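See below for the structure under consideration.
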Amino acid sequence: MKKSVRTIISLLLAFSALNACLFAQDDKKDEEKSVQSASPAQPAQEPGPTAQPQPAQGANLNVSYKEVRSHSFGKENVRVFLDGSSASYTIAALDSEGGKNYILAPSSACSNSFLLKIGNKVYNLSASSVVKKTVRKLEEGGQLGYTIKKKANVIVDFTLVETKESLGQDAVKVTAYVTNLSSKMQAFSLKGIFDTVLGERIKTHFTTGNGRQLTSEEQILDMENEKSLYTTDGNTWAQFYFSAPGLTTPDAVTVSNRGYIEKANWLPSAVSGRSFNSISYLNNSVICVNWPVLVLKAGQTGSLVFYIFTGHDGIKPDGNSFFKNGVVPAPVVEKTPVAESPVSSEPEKSEAQPEQKEEVPEAENKILPPEEPKKSQNVPAPQPEKADFEFIVPPVTDAQLDPEYVQDLIDRINSLQSDPDLVDHEEVSRLNAELDAILLKLKQRM
């Protein structure tokens with residue numbers, strides 16, 4: 001009996017020791033988990049296959065900041081506006097008199113925004129209700145912060161840069177940091193939409209870094225070759241620089257109508273040659289940028305970088321020299337001669353550059369808006385004007401207000417205008433008159 005009791009006691013002691021060992025191991029695991037969660041930005045030992053390196057200490061991801069409702073900064077050549085209500089932003093070039101010339105449309109949740117794709121789920125960081133949004137005021141610069149609980153944290157940092165000695169800050173370096181807040185490895189994709197306004201005032205909305213003029217929709221898959229996109233109204237300039245040492249070359253850059261981009265798949269299916277018109281937005285072009293996938297382990301951070309260079313008073317920015325030589329000496333002040341464009345110049349602009357027409361041959365390295373063909377002097381002056389007003393448009397019917405009908409009408413106009421040599425100007429004018437009447441009717445019903 002005693003031997004049996006001793007055996008039972010021995011078994012109980014052994015079982016107790018085993019439980020203690022198991023609990024100790026569990027406590028150690030929990031301790032390790034708490035250390036990892038306390039430092040979510042610390043990466044694993046090896047980065048994911050396509051992830052960017054973890055930002056070094058001192059990068060703008062780690063600087064002190066103050067959360068504010070809105071923040072604007074920059075007073076020399078460029079100014080950045082961060083809007084807390086829409087969690088979006090806009091950028092303006094400042095002319096020699098301090099006037100603001102917007103490069104991007106005034107901020108709204110739909111105009112200038114970043115979208116994040118996690119797996120197959122897409123979040124519009126400015127518009128989604130599940131995203132916590134903040135505006136951060138830094139000692140120098142500012143940031144937009146977006147947090148998706150237990151999924152991701154995105155910080156978009158805007159830093160002003162001087163590219164020419166003694167001329168002040170004239171460019172914006174934009175760095176987007178993406179941190180994986182989940183407990184597992186995950187793929188993240190970032191997309192940016194930039195609602196530009198300058199090129200909408202002339203025929204050529206954009207020009208590539210290699211000088212190709214873009215007057216209609218196009219998708220660029222070789223930004224390593226094109227490097228950048230220019231947009232200008234002839235007086236104010238912007239250069240979106242996407243590919244250079246230290247920058248993150250996008251997988252695709254698409255220029256298209258804003259309405260098409262808003263409804264497009266993650267990677268837009270561009271229709272080469274389609275105009276910048278749609279039912280919702282007439283003559284409204286945007287730049288859509290798809291950056292490479294970031295594969296991040298739990299707590300790891302990846303980054304994407306691009307620049308926006310600005311120019312004012314007709315001076316074209318030169319991001320090429322900046323990436324080749326760093327901050328370059330200030331150039332001799334010269335203004336880009338402004339060629340005729342589909343939009344007539346404002347009075348103050350023509351007075352500011354009255355003597356520039358004779359200097360056109362010197363602007364060999366500058367990209368100018370295309371000249372509008374001059375009207376033939378052989379045609380009596382009253383004739384062209386009458387052609388625009390001779391069409392009597394019948395009352396608009398409900399059938400004409402159908403979106404498909406309107407889109408077909410726009411497509412037909414674009415098709416007729418696609419070949420300048422064969423275009424039927426009378427038919428185009430008639431269809432445009434019908435389109436104007438339909439749009440007026442739709443506006444009255446809103």
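Note down the accessible area of L440, probe 1.4 Å, to the nearest 10 Å².
About 100 Å², ignoring ligands and nucleic acids.
Taking 31 Å as the cut-off for C-alpha to C-alpha distance, list the pairs among K150/K191; K66/K324; K66/K227; K117/K441; K149/K324; K100/K121 that go past it.
The answer is K66/K324; K66/K227; K117/K441; K149/K324; K100/K121.
Using a 1.4 angstrom probe on heavy atoms only, work out the carbon and sulfur share of the accessible area of the stretch 107-193 in %.
It is 46 percent, rounded to a whole number.
For E262, E224, E97, what's the largest-to-smallest order of accessible area, 1.4 Å probe?
Reading off the accessible areas and sorting them downward yields E97, E224, E262.
At a 1.4 Å probe, what is the % contribution of carbon and sulfur to the accessible area of the stretch 214-335?
Within the stretch 214-335, the accessible surface is 51 percent carbon and sulfur.
Using a probe radius of 1.4 Å on heavy atoms only, what accessible surface per residue do you get for the stretch 128-239? Whole Å² is fine.
Result: 37 Å² per residue.
Quick one: give the max-minus-min coordinate of the C-alpha atoms of the stretch 100-162 along each principal axis, largest first, in Å.
38, 25, 18
For the stretch 57-183, compute Rg over Rh where Rg is the Cα radius of gyration and Rh is the Kirkwood radius from the inverse mean 1/r over Cα pairs.
Computed over Cα atoms, the ratio is 0.99.
For the stretch 206-305, take every pair of Cα atoms, bin their distances at 5 Å starting from 0, and report each bin as a whole percent.
In whole percents, the pair-distance histogram is 2, 12, 21, 21, 19, 12, 7, 3, 2, 0.
The values are calculated or read from the model by the stated rules, or taken from the named source; none is laboratory data. Please read these numbers as outputs of a predicted model, since none were measured by experiment. Side chains are part of the model used for accessible areas, which takes the heavy atoms of the whole protein and leaves out ligands, DNA and RNA. Shrake-Rupley method; radii C 1.70, N 1.55, O 1.52, S 1.80 Å.
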